[in-house]
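Worksheet: one structure, shown below.
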């Protein structure tokens, strides 16, 4: 942890740093307003987080930690805020890592087809910029992506039928949420979530998948924009499969 960025007491640092070091592959440290420390699940499409809001000492001299967490516990999948003494806080901090570790493992309950499609799209559209995991897209890039998302939200319902209604509804909902996060999410954080949406579209049928990829190509691969995004696929001949949809 960088001493000049993370403003925690020595006691709290000493209590949590070994836990973070042991589980560092499971999380990313982000600088967030109103948080002394903010950890986000390293899974790109995950909304799990653990944020320390403040610490104080009560009238008895006990160290008190206020934090927000998602998931709240192994049996509660909503986000909550809590205030505990240091020992109890550390117990819940360890529990959060146990929970996100569980979800990072392969499970028979996961959808292997959807996960396979998601990986395929992310392998193609992962951003290769050095700052792709820490910085957002620039303003011009955000404008193009916003236009693409608008087109999806406004037009994908035309493909809806009885068989794909649930998929189309999920794509619209996910796209609206992703659009709201466009100016806050890192480049690869955004592409990870978009890859999941593209995977859902592909599972929803060829026509739905083609619609999504056409809209994406129309905005992102057009002549005036194709140099703006350094996708992984730009470094291989595979780009042609998207240019000729």
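Read-outs: derived from the displayed coordinates by stated rules, not from any lab. Bear in mind the structure is a predicted one, so any value in this text is a computation, not a measurement. So basically every Cβ, Gly included, is an ideal-geometry build from the backbone, and we count neighbours across all protein chains shown.
Of note:
- Placing pseudo-labels 7 Å out from each Cα toward the beta carbon at residue 105 and residue 177 gives an inter-label distance of 2.5 nm.
- Note on residue 135 and residue 24: with the Förster distance fixed at 22 Å, the Cβ-Cβ geometry gives a FRET efficiency of about 0.60.
- Cα shape, the stretch 112-243, gyration tensor, a/c 1.5 rule: prolate
- With a simple spin-label model that places each label point 7 Å from the Cα along the Cα-to-Cβ direction, the separation between residue 170 and residue 153 comes to 2.1 nm.
- Label-zone membership for the stretch 168-192, site residue 42, 7 angstrom Cα→C-beta point, backbone N under 15 Å: 189
- Rule-of-thumb Rg ratio for the stretch 10-104 [Cα; 2.2 N^0.38 Å; N residues]: 1.03
- Considering only 159, 37, 213, the Gaussian network model of the chain with Cα springs below 10 Å gives its largest mean-square fluctuation to 159.
- Packing-based ranking of 192-200, 12-20 yields 192-200, 12-20, ordered from highest to lowest mean Cβ neighbour count within 10 Å.
- Remark on the chain: hydrodynamic radius 20.0 angstrom, per the Kirkwood mean of 1/r across alpha carbon pairs.
- Between the Cα long axis of helix 187-203 and the first principal axis of the chain there is an angle of about 50°, rounded to the nearest 10.
- Segment residue 62-residue 88, length gained on full extension (0.36 nm per residue, minus Cα span): 8.2 nm
- Among 27-34, 66-73, 87-94, the order from most to least packed when residues are scored by Cβ within 10 Å on average: 66-73, 87-94, 27-34
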